Each structure stands twice: as C-alpha cells, then as structure tokens.
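Written out below as structure tokens is the structure these notes cover.
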Amino acid sequence: MYRRIFGLIFVSLCVTQASTQAQDFKLFDRNVQIHGFASQGFVHTDENNWLTMNTSGFGSGEFTDFGANASTQITDKFRIGAQLYDRNLGGLGKWHPSLDWAFASYRFTPWFGLRGGKVKTVMGLYNDTQDLDFLHTFALLPQSVYPTDLRDSTLAHEGGDIFGDIPVGKKFGSLSYTAYAGHRSDSPYSGYAYLVNSDGAQFKSFGGLQYGGDLRWMTPLKGLLVGASRMNEDVTLDFLNGPTDMRLGSKSEWTNQYYGQYTWKKLVADTEYRRYWTDLGTQGISIIQEDVRGWYVAGSYQIVKRVQVGSYFSHYWINYPNGNLLPSGSGHDYDKVVTVRFDPNRYMNIKVEGHFMDGYGLPNEYPNGFYGANNPQGLKPNTNALVIKGGFNF
Amino acid sequence: MKTITQHLKSLIAVAGLMASLSAFAADVKIIANPSVKTDSISADELKSVFLEEKSSLNDGSRVEPVLSKGGSAHDAFLKLYLGRTEATLQTYYRTLVFTGKGSMPKAEASDSDVVAYVARTRGAIGYVSPESSTDGVKTLAVIGGENFGSRKLVTHVDPVYPAELYKNHIGGVVRLKVTIAANGNVESTELLGGNPVLGEYAMAAVKTWVYASGSSKTKTEVSIPFDPNR
C-alpha cells in the first residue's frame, strides 16, 4: 500500500513537470486555459472505520480524486467554462466522474453579475472549494461543517446566481453578495445514498429545489472578513424499501452558516458555525427530524516558504427535536487536529495530519464519517486517525 | 592629493548613493501597454485589476494584469498594492480558476519578459523594478495606497526631471506621503522611498497639485516614476 501511495506521488511529480508547460491554447482566437488537479490520501485509524474506508486495520488508500477544467474569457465581461471531477473515497464516488461545474457568467459591473448553468454554491468560507485540497492547509476540512461524505447535499446547484462586490467606503470596507436558486441532485454514490443502501433499502434519488444567499463583509480592519449564508431547500428522497416505493419530502429544510476569517501576515485564523435543520416526512407526518449543529476554530501559519502548520478544533452534535432520546454515547463528534503541510514546489503538496476524535455522530441516522455498516462490531467512543495526503495542481 | 576629509566626503557620498539605490531597488514601477489611455491609476483600481474584480479602468480602457513570477519588484508589488503574500495570492487565483470565476493571470519570468509582453499586448498592465528598461511601454503614476484615503486629483504638474540625472540614466520611482487639506490643497509631503534628489523634485511638483475638496484633511500615497528610458 505504501509503495502504491509513493508511486502515485512520484507519477504526480512527473505529470506535474510535464503538464505545467502547456496550459493555454488558442481556439477561435480566444485564449483557452486548461487546469487540473489530483490528490491521493492514506488514512489509518486505531479504532473505528472512518469515511466508508477500512481504515482500522493497516489503513486505506481508497482516497483519490482528480479534476480538470477548461475556461475562456469571451469578452471582458463574459466568460464560460466547465470542470469534470472524479473521486473514490471508500464506498463513495466509486470512480464515477461528474460535471463539477459548467456555467456562463456575465459581469455587467463590479457590483452586478449573472451566472447560469451548474454552479458551485457559495456558502461559508469553503463550501465551493472543499474538494480543492491544494487550497487548504488541512488534509480534511473540519467535518463538523464540511462533512466530505455529505458534500453532494450543499456543493452545487443547477440554476443561476446573481453576484457582485459593493464598496461601502474606505471607512466601512466592502461587501460581496451572492444570491442563488436551482436544483440539487445527490449522486447515487454520495453519503446519503450509501446510508440508505447500507440500511437494506435501495436508493433512487435525493434532491430538489435549493435557494439562498451569502453576504460577506471585508471589514475596514485589514484582514478581517465576516459573513453569513442561508440555504433553503425543498427536497425529495426516493428509495425502495423491499418492493415498496418510498418517498419522503421536505416539510422544512434549511441551513444557516456564520463565519469569520482573520489573516495577518502568514497567519490565517478561521471560525464557522453551521446549523442544519431537516424535517422530512410523508403525508404530513414527520419521519426524520434532526437538528445538526457544528462549529470549528482553526489556525494555520506558514513557518517557512514551503511549510505550513495548522490546527483546529471541530465540534459537532445532533439533536432529535421531537424528544426522542439519542442512543447512548452517540450524537457528537469532537475532533482535535494537527497538520503539517509541505509544498516541494508551487504545484505540489504533501500533508500529514493527526485527528483525535471523541464520539462518532449518529451512524445509522445522520452519517458524518462513521457508518454502522462499516463497523459491524459496534463503534468505540474514541478514534485516533493518521491522514497522509499528496496532491498536485496546474 | 586628496585630504582625509575629502576621502571621507567621497565615502559618505558613495554610501548615500548606495542607500538611495537600495531604497528604490526595493520599490516597483507600474507599466502599461501604450493603448491604455490613462497616465495614472489609483491604488484601489490597480488592486481591483490584479484581483480580477474589474477588467476595464474607469476611463473604459480594457486591461489585462500581468504578473512577475518572483523578484524584488514582485515582492514590493504584493506588499505595497495587493497586501498579500505570494502564498495567499496563489490561493486566491486558484480559487477563481477552479470554481470557474476567473483565469490565472499571465506570469512572466523576468522584468524584461514582463516589459516585452506588456509592450506587445493591447491593454496589458504589469510591474517591474524601477531600473528596468521600459521601451515600448508607458509608466503609470499610482495615486493613493493601502490604508490611505483617496481624493480625486483635479490638477497636477509633472515634476522636473533634472537633466544631469536623466543623462546619467539615474531614475526610479519616488514614493511620497501627501497630506491634503480639506480645501484640496497639498499641505505637506514626506518622502517614503526612492532617490532623495528625485524626491525633492517630486515633492516640489506635488506641492502645487490640487485635489477635490473634502470634509476633512486626508492623507494619500503617491508613486511618481522617473524613467530614464523614456
């Protein structure tokens, strides 16, 4: 396994050196840019299996993703582009490529623009960039707010955005806004599908209307950003329970997210809070009603040109608002994380990360990394994990 | 035969010249393709162009930012005008590229490559070290800066470029802090960087400038290029 990982890193190095030479070409007198990325990870845990991988034995290297995009500026205000993305994370993704984003964008003025197509959803600091490993210090973003197994549910929408940047004077900084509406559609290889299938049912589809907005303020205090996001949903979950078609629809479904980021020289400090409320039912009766809340505090520092260190504390818990009691020992996951990131050159990175987790969420109700199907022997209360990840981009 | 005092004076003069050279070597000048109409650009507008928030200037000129891959001019530009480190700037551009919201700007390996690209590309705007040759491009004055208020410049006079310095190819960018009175007159100037002799000429000119009147006294930063290649 180690040999495979180091082999992939070596191949990445070679591909990077070759690919960085040819990113642009001309098409109909327009400059077209081609960019791509890939990453390979390895995860070992001392106790429970995590993120649908068999991590608790030797460990698992089923943690691969890659993507490529092409884009061009048609006029100074009009641009088009598309990106393909593929991943294999244990039982998720399974090497089925997807259209990550594909849209046309027209910016009338700096304060008003439109884009339409399949668009990454702006929510919080990192929702739209959560797959882009090379942008982050950490190998895994805080799972309390950005659960990688559930990424499909918030990642992108097929629809449109209005967006812009509004200066509000030197004394008050500037505002950026995005408002959006569209259709969300979870892949059959997503976390919810995995949960439904591992419960013995057969997943058919999960998706529907999503609309909301994001407002962020670059404050006059240099380096300080604060913001808030809201997402409303009207979604339907279709699955087969034995021979019976089942359909659960939203009675009420929303997410609120509040965030702040402070950058000072080579130090970046982030904090976010997300609350997700879901009430799915049929014929007016609530079947699944959950109140999920997560927050984290993170800091990273570039100690020398090619090395960053970082740490975060990620805190997440689930409530049954209807008064049902949670199974003993479950309902939360508190994760303390330390990371070192090394960039051998501007195109490559290697990360080594330790996770020290207390709790395992609610494995058979609301997946968040830990699934009953991967842990048939039952879940232990604590999990320590080592994550090693290498990647490149051009 | 020179006396010890004369030798000391020569040494002090050389040391002074080296100090002033190192001061403006750490600086940067902004260049543009001759198709760009304006001769000056505000620091805020320059930042917006390089962060791809706008692709045309206030006068309607379409512009394309051109980066340098490294060097003292690159470091000075990031610090003075973008307020970002190399790592955070690259993260910013990659976020744009991989979410479909922008392109990776052209980046050239050396000052001469930046000048060559800007010279042949309509609307291109870049930056180079002050001592770089700027054949085929124009040099833009930058008005305002990070943490400074910006007031519209109503009238301005170009500074005198001393013939002796021009002839001896001594130039660079002079940076001044300018205090503007509420009525728009320049109240005082302070040399922040660049050749001190050129700085004197720059300050003499700037003291005659007039800005739009405002509600109170404000400060701004002005970068004035003295280009011996023009």
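What follows draws every value from the coordinates through simple rules; no lab data is involved. Note that the structure is a prediction, hence the values are computed from the model and not measured. No Cβ is skipped: glycine too gets one built from the backbone with ideal geometry, and neighbour counts run over all protein chains shown.
Below are the figures for this structure:
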{"quantity": "Residue check, B:A73 on the phi < 0 side of the Ramachandran plot, within 12 Å of chain A (Cβ to nearest Cβ), in contact with a strand residue (DSSP E or B) (Cβ under 7 Å, 6 or more places away or on another chain) and touching a residue at least 40 places away in the same chain (Cβ under 8 Å)", "calculated": "no"}
{"quantity": "Residue among A:Y180, A:Y194 that is within 14 Å of chain B (Cβ to nearest Cβ) and either buried (at least 17 other Cβ atoms within 10 Å of the Cβ) or assigned to a strand (DSSP E or B) (or both)", "calculated": "A:Y180"}
{"quantity": "Pairs with Cβ under 7 Å, 6+ apart, first in the stretch B:39-50 and within 11 Å of chain A (Cβ to nearest Cβ), second charged (D, E, K, R)", "calculated": "B:S48/B:K54"}
{"quantity": "Selection count where residues are in contact with a Ser or Thr (Cβ under 8 Å, 6 or more places away or on another chain), of a type in the set (A, V, I, L, M, F, W, C) and over 19 Å from A:L155 (Cβ atoms), scope the stretch A:190-223", "calculated": "3"}
{"quantity": "Which numbered condition A:Y85 misses (of (1) surrounded by 19 or more Cβ atoms within 10 Å (Cβ to Cβ); (2) assigned to a strand (DSSP E or B); (3) in contact with a Phe, Trp or Tyr (Cβ under 7 Å, 6 or more places away or on another chain))", "calculated": "(3)"}
{"quantity": "Test: residue in the stretch B:169-180 that is surrounded by 15 or more Cβ atoms within 10 Å (Cβ to Cβ), among the β-branched types (V, I, T) and more than 17 Å from the chain's Cα centre (by Cα)", "calculated": "yes"}
{"quantity": "Single residue of the stretch A:40-78 satisfying the filter (within 14 Å of chain B (Cβ to nearest Cβ) and buried (at least 22 other Cβ atoms within 10 Å of the Cβ)) that is farthest from A:K389 (Cα to Cα)", "calculated": "A:S71"}
{"quantity": "A:F37 being more than 11 Å from every other protein chain (Cβ to nearest Cβ) and part of a strand (DSSP E or B)", "calculated": "no"}
{"quantity": "Test: A:E353 is acidic (D, E), farther than 29 Å from A:F37 by Cβ and more than 14 Å from chain B (Cβ to nearest Cβ)", "calculated": "no"}
{"quantity": "Residue, surrounded by the fewest Cβ atoms within 10 Å (Cβ to Cβ), within the stretch A:99-121, restricted to residues that are closer than 26 Å to A:M348 by Cα and at the interface with chain B (Cβ under 10 Å from one of its Cβ atoms)", "calculated": "A:A102"}
{"quantity": "Criterion: surrounded by fewer than 22 Cβ atoms within 10 Å (Cβ to Cβ), of a type in the set (F, W, Y) and on the phi < 0 side of the Ramachandran plot - qualifying residue of A:Y360, A:Y347", "calculated": "A:Y347"}
{"quantity": "Top-ranked residue of the stretch B:90-116 - restricted to ones that are surrounded by 18 or more Cβ atoms within 10 Å (Cβ to Cβ) and away from every other protein chain (no Cβ under 13 Å), ranked as nearest to A:L125 (Cα to Cα)", "calculated": "B:E108"}
{"quantity": "Options A:D128, A:D133: the member that is of a type in the set (D, E, K, R), under 24 Å from A:E353 (Cβ atoms) and touching a residue at least 60 places away in the same chain (Cβ under 8 Å)", "calculated": "A:D133"}
{"quantity": "Total residues in the stretch A:237-276, condition within 14 Å of chain B (Cβ to nearest Cβ) and either in contact (Cβ under 8 Å) with a residue 60 or more places away in the chain or among the acidic types (D, E) (or both)", "calculated": "3"}
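So that you can scan it fast, the table gives a plain yes or no per residue for (1) within 23 Å of A:A181 (Cα to Cα); (2) among the hydrophobic types (A, V, I, L, M, F, W, C); (3) in a strand (DSSP E or B):
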| site | (1), (2), (3) |
| --- | --- |
| A:L221 | no, yes, no |
| A:R230 | yes, no, yes |
| A:D238 | yes, no, yes |
| A:S252 | yes, no, yes |
| A:N256 | yes, no, yes |
| A:G260 | no, no, yes |
| A:T263 | no, no, yes |
